[in-house]
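Following: one structure in structure tokens, then a few remarks.
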């Protein structure tokens, strides 16, 4: 199959880009990737996206998807497994498409959650350790749980889980928490949330299920054991660049390097938007805006 514009990824950046390219009259194919809707679908509450006082991340992404479908784009629920950007038209392969070509590509593959990579983590993934409170929080009704992290994601997870769990231990390796003032104010007022600053998890322990975290106070070097029923990790993300690693120029932090005015990458006709190229401000509205820029730049490139 051939498409004028191929968009890889279905988060705020990808869907927004597809709305703009489709409205410009460019035949657009969007391949969703394995996480349809991106990371935002795991966010239980969004209060800073223009036009919505309060909306769940899942509903926001459904709205964007439906608007994209309304413009007439071709959405394929599949995963791009190979990308050849050394020739034009560019070539791509998915599980269902063996010989796809595109005149322009917009990469909106986003980022994936990081893991701690400490002892016991692999053993208890999905059996006491999770990265999605909205997905797995209901398993821990009236139980003791821990959230690991110190930024906005950890604050959101802790506040959401405090409505379900008996108590929430927020384990933060830094001296203080970092995040939006509104979230911090809510967190500090919440009696269910116990903040453990300057604390590092060392090991996950249990038999059939996770039951204990070995932690270390980084100021005193004292090690302790924290008895919990579950853990939610929220320690940041890493860009999903496997399709273009060593094919495009990257930033020193491993994100796709773009011209921020056009979102064009080191190869003409290839654009990147959203978290795969943004290593400073992880916000849905910024991802959406960069998707619009990438689409407008792709349109100009194809003229």
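For segment 48-62, a residue qualifies if it is in contact with a strand residue (DSSP E or B) (Cβ under 8 Å, 6 or more places away or on another chain) and over 18 Å from residue 112 (Cα atoms), and the qualifying residues are 49, 52, 54, 55, 56, 60. Can you confirm whether residue 224 is more than 25 Å from residue 282 (Cα to Cα) and in the same structural domain as residue 131 (by TED's automatic domain parsing)? So residue 224 fits the description; yes. What do you reckon, is residue 232 at pLDDT 95 or above, under 27 Å from residue 180 (Cβ atoms) and assigned to a strand (DSSP E or B)? Judged against the criteria, residue 232 is a match. Being under 21 Å from residue 269 (Cα atoms) and either under 16 Å from the mean Cα position of the chain (by Cα) or not assigned by TED's automatic domain parsing to the domain that holds residue 139 (or both) is not true of residue 55.
Does segment 198-210 contain at least one residue that is part of a strand (DSSP E or B), outside the structural domain of residue 271 (by TED's automatic domain parsing), in contact with a helix residue (DSSP H, G or I) (Cβ under 8 Å, 6 or more places away or on another chain) and free of Cβ contacts under 8 Å to residues at least 60 places away in the same chain? No, there is no match, as no residue in segment 198-210 is part of a strand (DSSP E or B), outside the structural domain of residue 271 (by TED's automatic domain parsing), in contact with a helix residue (DSSP H, G or I) (Cβ under 8 Å, 6 or more places away or on another chain) and free of Cβ contacts under 8 Å to residues at least 60 places away in the same chain. Restricting attention to segment 7-30, the residues being in contact with a strand residue (DSSP E or B) (Cβ under 6 Å, 6 or more places away or on another chain), surrounded by fewer than 24 Cβ atoms within 10 Å (Cβ to Cβ) and closer than 19 Å to residue 275 by Cα number 0.
Every test in (1) crowded, with 17+ Cβ neighbours inside 10 Å; (2) closer than 25 Å to residue 117 by Cα is passed by residue 187 save one, and that test is (2).
The values are calculated or read from the model by the stated rules, or taken from the named source; none is laboratory data. Keep in mind it's a predicted model, so treat the numbers as computed, not measured. Here the Cβ is made from the backbone with ideal geometry for all residues, glycine too, and neighbour counts use every protein chain on show.
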